[in-house]
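Report on the structure given below.
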Amino acid sequence: MWKVWIFLAPLCPICQDYTFYLNALYEQWEEEYPGQVEMVGWFPNPTVTDEQIAEFADRYGVEWTLAADSLGWSDSVEAKWTPEAFLVDPAGEVQYRGRVNDLYYALGKHRAKPSKQDLALAVEQALTGLEIVPERTDAIGCPIERRISAQD
């Protein structure tokens, strides 16, 4: 099964804004590719509580999996930002990393609506057997400063 990992922070305004797009992607993939894509929002900061994660899910209508990154996934894939998206193939290899879309083009600067749907394109390419192009984009968001290490 393909996995989409999104690294999140409950107080990051960019993460909050992106939940609309992420929720829509989740619904689309559930409809178009049932059972082929698992989407997980990981919270890498060890101070984030289960209550904060539940509140984030409730406030933004998230129906896909949200969890504390207790295993240090953000460290293992070298995630730098929230939100930052990763597409992981069934063998556990990262095939795409970067932004969800180009809504934000700099910190505090965003378009009225995105023109490039980078994560959606990567998933579509992967599930239809095409080469994933681009494999990497630059995520814009809040830096991950404190994280649960993969070695802890």
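Laboratory data are not the source of any read-out in this text; all were calculated from the coordinates shown. A quick note: this is a predicted structure, and the numbers were derived from the prediction, not measured. Methodologically, a virtual Cβ is constructed for each residue, glycine included, from the backbone with ideal geometry; neighbour enumeration extends over all protein chains shown.
Under 1.5 on a/c is rounded, so check that first for the chain, then, if it is not, pick prolate when a/b is larger than b/c and oblate when it is not; a ≥ b ≥ c are the square roots of the alpha carbon gyration tensor eigenvalues. Rounded shape, in that the Cα axes give a/c under 1.5.
The separation of the stretch 1-16 from the stretch 40-99, counted between C-alpha centres, amounts to 5 Å.
Straight-line reach from LYS3: taking Cα to Cα under 12 Å and skipping same-chain neighbours fewer than 8 places apart, the aspartates and glutamates in range are GLU38, ASP89, GLU93.
Rounded to the nearest 5, the antiparallel percentage of DSSP beta bridges internal to the chain is 55%. Taken along the Cα-to-beta-carbon direction at a fixed 7 Å, the label points for HIS110 and THR47 span 2.4 nm. A straight chain from SER70 to ASP89 at 0.36 nm per residue would run longer than the Cα-Cα distance by 4.7 nm. For the stretch 2-143, the relative contact order works out to 27 percent when only alpha carbon pairs closer than 8 Å and six or more residues apart are counted.
At an R0 of 25 angstrom, the distance between the Cβ atoms of ARG59 and ARG136 translates into a FRET efficiency of 0.25.
Taken along the Cα-to-beta-carbon direction at a fixed 7 Å, the label points for GLN125 and GLU38 span 2.4 nm. What you get for the chain, charging only the Cβ of Lys and Arg (+1) and of Asp and Glu (-1), is a dipole of about 600 debye around the Cα centre.
A helix-only calculation puts the chain at -9000 deg cm²/dmol for mean residue ellipticity at 222 nm, using -39500 (n - 2.57) for each DSSP H run of at least four residues, averaged over all residues.
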